1. Restricting things to alpha carbons, find the Rg to Rh ratio for the range 336-460 using the Kirkwood radius for Rh.
2. Mind checking the full-extension length gain between ALA480 and ILE41? Use 0.36 nm per residue of separation minus the Cα-Cα distance, one decimal, nm.
3. Please work out the FRET efficiency for the pair ILE134 and ALA53, using the Cβ-Cβ distance as r and a Förster radius of 30 Å; give the result to the nearest 0.05.
4. Simple spin-label model, 7 Å along Cα-to-Cβ: LEU66 to GLU152 in nm?
5. Helix 129-147 versus the longest principal axis of the chain: what is the Cα-based angle in degrees, 0 to 90, to the nearest 10?
6. Name the aspartates and glutamates eligible as straight-distance cross-link partners of LYS49: C-alpha to C-alpha under 13 Å, and not fewer than 8 places from it in the same chain.
7. Please list ILE485, ILE20 in order of solvent-accessible area, largest first, computed with a 1.4 Å probe with all protein chains present.
8. Of LYS221/LYS334; LYS106/LYS297; LYS334/LYS517; LYS356/LYS437, which pairs sit farther than 19 Å apart, going by alpha carbon to alpha carbon?
Amino acid sequence: MLPWLILLAPLVSAALIALITGRARRLSASISVVAVLVSFICSCIVFAKSEIAGTEIPWIEFQGILRVPIGFVLDSLSRTMLVLVSGVGALIHIYSPGYMRDDPGKSRYFAALSLFMFSMLGIVLANNFVMMFIFWELVGLCSYLLIGHWFERDSAADAANKAFITNRIGDFGFMLGILMVWAATGSVIFDDIIPQTWRITSNPTFLTICVLLIFCGAVGKSAQFPLHVWLPDAMEGPTPISALIHAATMVAAGVYMLVRVGFLVQASPVALGVIAWIGTVTAVMAALIATQQDDIKRILAYSTLSQLGYMIMAVGLASDEAAMFHLFTHAFFKALLFLGAGSVLVALHHEQNIWKMGGQGRNLFLTFVTFGIGMLALIGCPPFAGFFSKDAILSLAYNRNPAIFGVALFTAFLTAFYMMRLFVVVFFGKPRSPAAKTSRESPTSMLVPLAVLALLSLFGGFHFFASHFLTLPHEREAAAFIPGIALVAMLLGAAGAIILYRRRIEDPLSINLLRHKFYFDELYRVLINATQGFLARVSGFIDRWIIDATIVRGSSGATWSFGALLRLMQVGNLQAYAFIFGLGIIWIIYFVLFR
């Protein structure tokens, strides 16, 4: 029953809140927190007791052609992800009542939050493609609801639509890839596909297309180039949602899915190369953009894009262990950074521009310390968690693709630069707004999750700790000098930011290309308007001159004309009827005699 409890506890919570306790905001929050704690405790038990096996019950069976069970997989990968997702999710749930305490939509928020946890846990537990895809789409729906939580704001509504529509593009490719796997192997169940993999690998071109289509799903969910544009705009949702999306749920789903189907991905060298370079381009592009952003949450969002690029890079370099190791540590320090940013926002009345902050190290000391730990973990400072996982990926890249290694090392330099820029501008110097001068520390309910995540960000990368959760990659031993090079890149980036931004009241750098995010949004807007305009003109022509003029008006006109002719014949005059009758007799005689 434990796997069922893990999965269904958040679903029951969402149903109770939506149907019964919607008006009792405090009770709704309590129900949601208790449900995720139940999932976390059960996940820990499942992780500790390896003898607990996955369950399966029949669902869809179609004449031996298609069999789709409701089944759970409980291997080391899913057990690790269950603890990670439910654990980080529980901390974010505990943090949320303090952050959302004055929000009138608090119950709606917790209902969607519980449904979000149910959806992500379903992806982790699914033992087949169809079940995974259903939960995959549910995650997309929940992200739409949560990003657009403050739907009365146009920016939030637009961001929710953008996330939902962009992910549909990737999900369409994912669906085609699933259909190709099913067509080739006759199954959608992972354990049944593995022995039939030869049917796919026997045709390299088919294999490459199949893997790249499946990868499209990860490109959408994990916001990789060129479908990366939705993730920064997702910051319009409440900050705890940003933490949940960026740390352990939605964006992690893409990486987890690629590792789950690694038996297919690693069989195609061409697809691996494409995946590795997509991750590399995303990592360096997002890091460059982050150096010129002024919104504290957007800087962290581009940081997530960059770190996800590292994980996808590791998958493309055929090391699922390195990808999962970085996903594991990244969940801790990225959740810490977003929740720390939320603490700053609450203190500053939701002011997000870093140039209107300053001096918060004195007013928000606990937030300052914990945020600093998260920042050091992200930039790869030893002995924090990010140092070990990023070191694993850099060593992997050095041994398998020197060009990717060079770009990844430059990205590490940029990461230290933009994160130290953020840290210096927000927490040092003089307050640059009235709210910054009078800020006060956040409530205890918000600080406790920060403290726990800070400890995990500090110790989560140590070998004796992480090895209990993951099989650590061995590439690190093959290039012992890589940690030193990474450390130099980190120190140069951090020192450059300190020198450049210390005591500044405005940004001394202004690079429009980076401030406008390489103009991707503008480019996509032009392309969408152009294609929509063309399709609208073509559709208008077809509708007006073919459907309307020919089919609709033509058929109606013909019917009207025929009716009018019949009406002329029904005149009620006996002489006219006799005349028409005579014409009919003459026509019949002519037809019989002269045809």
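The values are calculated or read from the model by the stated rules, or taken from the named source; none is laboratory data. Just so you know, these numbers come straight off a predicted model, no measurement behind them. Methodologically, a virtual Cβ is constructed for each residue, glycine included, from the backbone with ideal geometry; neighbour enumeration extends over all protein chains shown. Calculation scope for accessible area: heavy atoms of the full protein, side chains included, ligands and nucleic acids excluded. Shrake-Rupley method; radii C 1.70, N 1.55, O 1.52, S 1.80 Å.
1. Values: Rg = 16.3 Å, Rh = 15.4 Å.
When Rh is taken as the Kirkwood radius, the ratio is 1.06.
2. Working: separation 439, 0.36 × 439 = 158.04 nm, distance 3.87 nm.
Extra length available between ALA480 and ILE41 comes to 154.2 nm.
3. Working: r = 22 Å, r/R0 = 0.75.
Between ILE134 and ALA53 the formula returns 0.85.
4. Going by the 7 Å Cα→Cβ label model, 4.4 nm.
5. 80 degrees
6. ASP75
7. Putting ILE485, ILE20 in descending order of accessible area: ILE20, ILE485.
8. In this structure, LYS106/LYS297; LYS334/LYS517 lie more than 19 Å apart at Cα.
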